[in-house]
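Note sheet for the following structure.
The values are calculated or read from the model by the stated rules, or taken from the named source; none is laboratory data. Not measured: the values here are computed from a predicted model. We place every Cβ from the backbone using ideal geometry, glycine too, and count neighbours over all the protein chains shown.
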Amino acid sequence: MAVVTRDGEAGVAAGASRPAAATRLLASRLFTSMAGLNWLAKVWWTCLSISLFAGLWELCWAMGWADEKLLPPPHIFLDNIAEQGRFFNTATRWQVGTSMTEGPSAFESVLITGAATTMRVFVGLVLASVLAIAVGVLVRYYRFFDRLVLPTITLLSPVSPIAWLPVAIFLFGIGNAPAIFMVVVALFFHMVLATINQIDTVNTNLINVARTMGASKPQIYARVIVPAILPGMLQVLRMNLFGAWMVVLVAESTGVGYGMGQVIMLARNTFNPSLVFFTIAVIGVLGFTFDWLLRLAQRRILYWLPDTAERLRVL
Amino acid sequence: MSSESAPTFSSRDAVVCRGVGKTWAAGTKRAHEALRDIDLDIKPGEFVVFLGPSGCGKSTLLYLIAGLEDATDGQIWSFGDAVDTPSPERSLIFQETSLFPWLTVWQNVSFGLAIRGASQEERRKVAAEALQRVGLIAAMDKRPDELSGGMRQRVAVARALAMRPKVLLMDEPFAALDVQTRARMQDFLLDVWRDSGASVLFVTHHIDEAVALADRVVVFTSRPGRIKTIYPIDLPRPRNLFSREAEAMRIQLTELLRDEVDRAFAEQEAFATPA
């Protein structure tokens with residue numbers, strides 16, 4: 001009798017565990033299939049993060065803490081995109097006698113303005129990186145160059161890009177050139193110092209291995225030092241990307257003709273907070289996209305680096 | 001070279017040191033003497049272990065022989081030529097992983113050939129041969145971070161062998177490995193050494209390792225490093241490391257080292273205590 005009961009219990013237990021195991025199996029299958037949708041989770045979290053921020057802002061508005069004339073919440077400044085887009089119209093900016101309704105449509109205006117600013121950031125960033133890496137490598141390569149150039153670079157490094165603004169206008173007048181110059185000048189000196197720092201921290205063993213194999217100085221630089229500093233330099237580049245975005249607005253706010261900085265100035269002069277926040281939103285999206293592309297490139301170029309972020313997750 | 005400093009040794013010797021000394025940061029306040037008066041002759045094909053307490057300058061001597069650093073005093077010759085620059089004839093293998101992380105295993109192994117401008121086919125062929133010798137032919141197209149610590153050191157050995165060195169310099173190459181892997185790596189190294197015919201200079205502070213590997217053990221004093229004694233290990237190979245002779249040698253070497261370790265400790269304590 002007792003034996004039978006025990007058997008019965010065991011049977012029930014086994015019966016109960018079988019569906020449980022099946023559920024677990026199903027769940028694990030579901031998760032593995034979702035691993036491929038990792039990016040979807042990322043999009044979800046990004047949306048959640050932004051919604052939370054926007055939601056808090058809306059809450060402040062709903063509670064009457066934020067004056068909508070000064071701090072219009074997203075639903076207000078995003079309400080009439082066509083209306084806002086009109087201010088991005090580049091066709092009429094300096095032409096007397098043309099009305100705001102001529103030229104490209106509102107949507108096209110936003111695209112053109114965004115693209116112009118992005119192009120200035122991109123060109124400035126590329127020029128600054130190439131120049132800075134070249135100068136940084138030369139400083140370490142030639143002692144003479146180091147002694148001759150490094151003091152001046154260190155001296156100019158802390159100068160705020162704002163101080164260069166008049167110089168940019170003196171030298172390049174108006175147009176793309178002064179804006180690009182501003183980006184270059186704002187990044188170049190820091191990036192030279194960062195390059196030198198990266199070179200100094202290259203693992204000595206790697207250099208010594210190359211030396212014992214008979215590598216010459218140029219070969220050591222080309223085959224060991226430059227690949228070894230690449231990860232650090234891409235990191236520096238990413239950090240400076242945001243710097244470039246900040247500087248380009250300052251440059252554009254004075255005498256470039258069109259660009260995000262001009263729109264901000266326009267909004268300021270016409271007391272249009274909605275336009276300010278709309279422009280900030282556009283800049284945010286552009287900067288975010290740029291950073292994302294750079295991260296993609298980083299993963300492609302630096303295939304040998306492990307994912308350090310994941311290592312810290314376990315803490 | 002003036003006549004009075006003319007070498008009195010066979011120019012066939014793999015490495016010859018005469019009165020070699022090294023002072024780091026010489027002429028400054030932080031100057032400290034790492035090595036003094038090293039006289040040493042190493043025959044071609046000989047396996048010599050440098051044994052000594054940490055910081056005794058044994059690694060420094062290896063760097064001087066490699067030509068990566070200049071001696072402050074004395075002179076080093078290798079096969080009759082004065083050592084003043086690094087040479088592919090004297091390959092150095094480090095304790096820490098020194099593979100280029102951005103290159104695949106075979107590209108790492110053939111790095112020296114790429115430096116000389118060899119063609120891709122030739123490089124791949126030589127790399128395959130070298131990797132065959134260390135038993136890692138299957139890992140040819142992998143990247144260093146996909147390998148275990150022991151495998152990485154074998155790749156480093158393969159890279160050194162691909163240069164066909166006459167002298168293999170090894171700076172505590174197995175120190176970062178676990179005990180089992182280390183024992184396997186010692187057997188592996190002895191095979192490689194026998195096949196290649198190169199002299200091996202091997203730095204360690206493990207007495208077991210010295211007895212397992214060496215023809216001769218150079219025992220160093222603590223700082224500044226001098227040669228305390230040169231101790232021959234005349235056990236037949238392959239060695240039975242559990243034999244009574246091996247045990248006796250380990251005990252003798254331990255005693256030789258003990259004074260030096262004690263001295264090094266006393267010195268470090270004196271250094272740490274404010275005067």
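Say we look at region A:192-238 and pick out the residues that are within 8 Å of chain B (Cβ to nearest Cβ) and either at positive phi or β-branched (Val, Ile, Thr) (or both); which of these is surrounded by the most Cβ atoms within 10 Å (Cβ to Cβ)?
Step by step, filter region A:192-238, then rank; the result is A:Val209.
Select from region B:46-68 the residues that are over 17 Å from B:Pro173 (Cβ atoms) and modelled with pLDDT of 90 or more and write down the one among them that is surrounded by the fewest Cβ atoms within 10 Å (Cβ to Cβ).
Among those residues, the one meeting the criterion is B:Glu46.
Tally up the residues in region A:123-139 that are touching a residue at least 40 places away in the same chain (Cβ under 8 Å) and surrounded by fewer than 19 Cβ atoms within 10 Å (Cβ to Cβ), please.
Of the residues in that region, 3 qualify.
Consider B:Glu247 against the criteria (1) in a loop (DSSP other than H, G, I, E, B); (2) among the charged types (D, E, K, R); (3) free of Cβ contacts under 8 Å to residues at least 12 places away in the same chain: it satisfies all of them except one. Which criterion is unmet?
Every condition holds for B:Glu247 apart from (1).
Between B:Leu169, B:Leu161, which is within 17 Å of A:Met213 (Cα to Cα) and within 11 Å of chain A (Cβ to nearest Cβ)?
That would be B:Leu169, the only listed residue that is within 17 Å of A:Met213 (Cα to Cα) and within 11 Å of chain A (Cβ to nearest Cβ).
From the set of residues in region A:107-155 that are under 26 Å from A:Ala179 (Cα atoms) and charged (D, E, K, R), which is modelled with the highest pLDDT?
Looking at the filtered set, the residue picked out is A:Arg120.
Taking the residues in region B:140-157 that are modelled with pLDDT under 90 and surrounded by fewer than 17 Cβ atoms within 10 Å (Cβ to Cβ) as candidates, determine which candidate is nearest to B:Asp178 (Cα to Cα).
Among residues in region B:140-157 that are modelled with pLDDT under 90 and surrounded by fewer than 17 Cβ atoms within 10 Å (Cβ to Cβ), the one nearest to B:Asp178 (Cα to Cα) is B:Gly149.
If only one of B:Leu136, B:Leu177, B:Leu113, B:Leu99 is away from chain A (no Cβ under 14 Å), crowded, with 21+ Cβ neighbours inside 10 Å, over 30 Å from B:Arg18 (Cβ atoms) and not charged (D, E, K, R), which one is it?
Result of the check over B:Leu136, B:Leu177, B:Leu113, B:Leu99: B:Leu136.
Counting only residues that are closer than 22 Å to B:Arg90 by Cα and either among the small types (Gly, Ala, Ser) or at pLDDT 90 or above (or both), give me the helices (runs of 4 or more DSSP H) lying completely in region A:187-264 with at least 3 of them.
Values: elements: A:204-212, A:217-220, A:226-253.
Answer list for region A:187-264: A:204-212, A:217-220.
With A:Leu165, A:Leu171 as the choices, which residue is in a helix (DSSP H, G or I), of a type outside the set (S, T, N, Q) and touching a residue at least 40 places away in the same chain (Cβ under 8 Å)?
Residue meeting the stated conditions: A:Leu165.
Here are B:Ala118, B:Ala26: which of them is out of contact with any Asp or Glu (no Cβ under 7 Å at 6 or more places or on another chain), in a loop (DSSP other than H, G, I, E, B) and within 14 Å of chain A (Cβ to nearest Cβ)?
B:Ala118
Rundown of residues vs (1) under 30 Å from B:Gln107 (Cα atoms); (2) of a type in the set (S, T, N, Q), yes/no style:
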position: A:Phe145; (1), (2): no, no
position: A:Leu156; (1), (2): no, no
position: A:Pro161; (1), (2): no, no
position: A:Leu171; (1), (2): no, no
position: A:Asn176; (1), (2): no, yes
position: A:Ile180; (1), (2): no, no
position: A:Met191; (1), (2): no, no
position: A:Ile199; (1), (2): yes, no
position: A:Gly214; (1), (2): yes, no
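Name every residue in region A:250-267 that is buried (at least 22 other Cβ atoms within 10 Å of the Cβ) and among the aliphatic types (A, V, I, L, M), in order of residue number.
Matches in region A:250-267: A:Ala251, A:Val256, A:Met260, A:Val263.
Inspect all residues belonging to region B:25-47 and state whether any of them is under 22 Å from B:Val192 (Cβ atoms) and of a type in the set (A, V, I, L, M). Don't jump to the end; show me each part of the working.
First, the residues of region B:25-47 that are under 22 Å from B:Val192 (Cβ atoms): B:42-47.
From the residues that got through so far, the ones that are of a type in the set (A, V, I, L, M) too are B:42.
The answer is yes, given that some residue of region B:25-47 is under 22 Å from B:Val192 (Cβ atoms) and of a type in the set (A, V, I, L, M).
Working carefully through the options A:Phe170, A:Phe181, find the one that is of a type outside the set (Asp, Glu), surrounded by 17 or more Cβ atoms within 10 Å (Cβ to Cβ) and more than 14 Å from every other protein chain (Cβ to nearest Cβ).
Numbers: A:Phe170 fails: surrounded by 17 or more Cβ atoms within 10 Å (Cβ to Cβ).
When all the criteria are applied, what remains is A:Phe181.
Taking region B:79-94, which residues are in a loop (DSSP other than H, G, I, E, B) and more than 9 Å from chain A (Cβ to nearest Cβ)?
B:Phe79, B:Gly80, B:Val83, B:Asp84, B:Glu89
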